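Below you'll find the structure, written out as structure tokens, and then a few comments.
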Amino acid sequence: MSNKVYRASTTAPVNIAVVKYWGKRDAKLNLPTNSSLSVTLSQADLRTLTTASCSASFPASEGDSLLLNGEPSDISGARTQACLRELRSRRAALEAADPSLPKLSTYPLRLVSENNFPTAAGLASSAAGFAALVRAIANLYELPASPSELSLIARQGSGSACRSLFGGYVAWRMGDKADGTDSMADQIAEASHWPDMRALVLVVSAAKKGVSSSSGMQQTVATSGLFRERIATVVPENMAIMEKAIAEKDFEKFAEVTMRDSNSFHATCADTYPPIFYMNDVSRAAIRAVEAINEKAGRTVAAYTFDAGPNAVIYYQEKDTEAVVGTFYHVLQGADIGGWKSADIKGLKPTISLDENVAGLLKAGVSRVIMTGVGEGPVKTDEFLVAEDGTPAKR
């Protein structure tokens, strides 16, 4: 028996949807009630790094394990198990076809993962996490699967993870087959197609959500009349306009659909019975700030969007950094918050002043910012979180 430890490492990005995924038509297979579309954010700012390893020398009695940000993490859940099972069966098929291959599918997996951003920052860490997990194991197993095929597997772990297998601008096609084999992600455009797309994240609260996304979306599906209108009409129209806006690099259209779709999603949350509120007063102040910035600029230079939580993600183009980032920086600079990139904020003038109530809410409520932009999909790396002997690497 060989004691060799097989290893593969990859990074994967966070994505923020501009047309939101909300609602499952099949909870077990994680099939959505509507298609969605997202921007992949730069891994220089937000990424998960995962090393997948396996060896015949790992004790079978220990089974598979995951170390997440230095802490043991439970992987016995149905979603994680579905991903592992699917990846193993694909590897087993390769081994059956070529008996000379090592039987990696039979060895226990040791997975080690870490984020370069605080998990508590209320950012969708599960999308990057499951995308990195699936991509790393696929690399370890040397699977010939395309990113779209792998997105089918990642989707079973976390719906939005399927979009983090690509960079740039990504659609998750809801599909209509009962078995979910056509519910997968595809890339609308590379990051290089529209490279000056930027995002400013206002982290409002690092607290855990009051209502988890999974249970929240199922309450909405069950009780909201607005939701039925959203999936029948609103989202299909938004998807079509958004794809065209990205193809044509039309920021005004991109921004309008981004803001309208966020509003539509949160309206269906409010229309859920009993209602779900993810946004708070600070979130609403961010909306007012974006409206003021656009009004003073005389054109749409900024677009807000909110996921299932109070954090604001504000999209803008690099050329409008002063109007957008400059305004927020000058409002927030008295508050002791991290995340500003000194090279990007140097010399930014406060060209736009905000209503003092709006400014006061933002100053009191924003705990940190993240300055980022559109970026690439998963990247294979030689940075290993598991040492050659199979133990967690010393960092």
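The values are calculated or read from the model by the stated rules, or taken from the named source; none is laboratory data. Just so it is clear, the structure is predicted and the values come from calculations on it, not from any experiment. Quick reminder, even Gly has a Cβ in these numbers, built from the backbone with ideal geometry, and neighbours come from all protein chains shown. Please note that ligands, DNA and RNA were not included when accessible areas were found on the heavy atoms of the full protein model with its side chains. Shrake-Rupley method; radii C 1.70, N 1.55, O 1.52, S 1.80 Å.
Surface exposure of region 303-395, expressed per residue as accessible area with a 1.4 Å probe, stands at 49 Å².
Scanning the chain for long hydrophobic helices, with DSSP H runs required to stretch 20 angstrom or more by C-alpha along their axis and to average at least -1.0 on the Kyte-Doolittle scale, returns 78-97, 125-140, 251-270, 281-297.
Radius of gyration over Kirkwood radius for region 180-317, both on Cα atoms: the Rg/Rh ratio is 0.98. This model, with +1 at the C-beta of Lys and Arg and -1 at the C-beta of Asp and Glu, gives the chain a dipole about its Cα centre of some 480 debye. Fully extending the segment from Leu226 to Ala93 would add 43.3 nm, taking 0.36 nm per residue of separation and subtracting the current Cα-Cα distance.
Quick one: pull the percent of accessible area on the chain belonging to carbon and sulfur, 1.4 Å probe, ligands and nucleic acids left out. Write down the numbers at each step before the final one.
Working: 8690 of 16570 Å².
About 52 percent, which is the carbon plus sulfur part of the accessible surface.
Taking amide H atoms as placed 1.01 Å from N in the peptide plane, the amide H of Lys24 lies under 5 Å from those of Thr33, each 5 or more residues away in sequence or on another chain. Distance between the modelled labels on Ala145 and Ser100, one decimal in nanometres: 2.6 nm (7 Å Cα→Cβ projection). Orientation-averaged projection of region 253-294 equals 3.1 nm² [convex hull of Cα atoms, one quarter of hull surface area]. For the pair Ala393 and Glu318, label points projected 7 Å from Cα toward Cβ lie 3.0 nm apart.
Distance between the 7 Å Cα→Cβ label points at Lys296 and Ala44: 2.7 nm. Can you grab the distance from the C-alpha centre of region 86-115 to the C-alpha centre of region 128-201, Å, no decimals? Value for the Cα centre distance between the two parts: 21 Å. Stretching the chain fully between Glu71 and Glu383 yields a gain of 110.4 nm (0.36 nm per residue, less the alpha carbon separation). Relative contact order, whole percent, for region 11-54 stands at 49, derived from Cα pairs under 8 Å and 6 or more residues apart.
Please report the equivalent ellipsoid semi-axes of the chain, computed as sqrt(5 x eigenvalue) of the Cα gyration tensor, largest first, in whole Å.
Working: eigenvalues 281, 113, 71 Å².
Output for the chain: semi-axes of 37, 24, 19 Å.
The convex hull of the Cα atoms of region 129-211, projected and averaged over all directions, covers 7.8 nm².
Which of rounded, prolate, oblate describes region 258-382, given a ≥ b ≥ c as roots of the alpha-carbon gyration tensor eigenvalues and a/c under 1.5 marking rounded, otherwise prolate only if a/b is larger than b/c?
On the way: a/c = 1.58, a/b = 1.17, b/c = 1.35.
Because a/c hits 1.5 or more and a/b fails to exceed b/c, region 258-382 counts as oblate.
In region 1-141, the alpha-carbon atoms span a convex hull of 134 Å³ per residue.
Using Cα pairs under 8 angstrom and six or more residues apart, how large is the relative contact order of region 264-395, in percent?
Details: 130 pairs, mean separation 27.5, N = 132.
The normalised contact order for region 264-395 reaches 21 percent.
Per residue, the Cα convex hull of region 343-395 amounts to 191 Å³.
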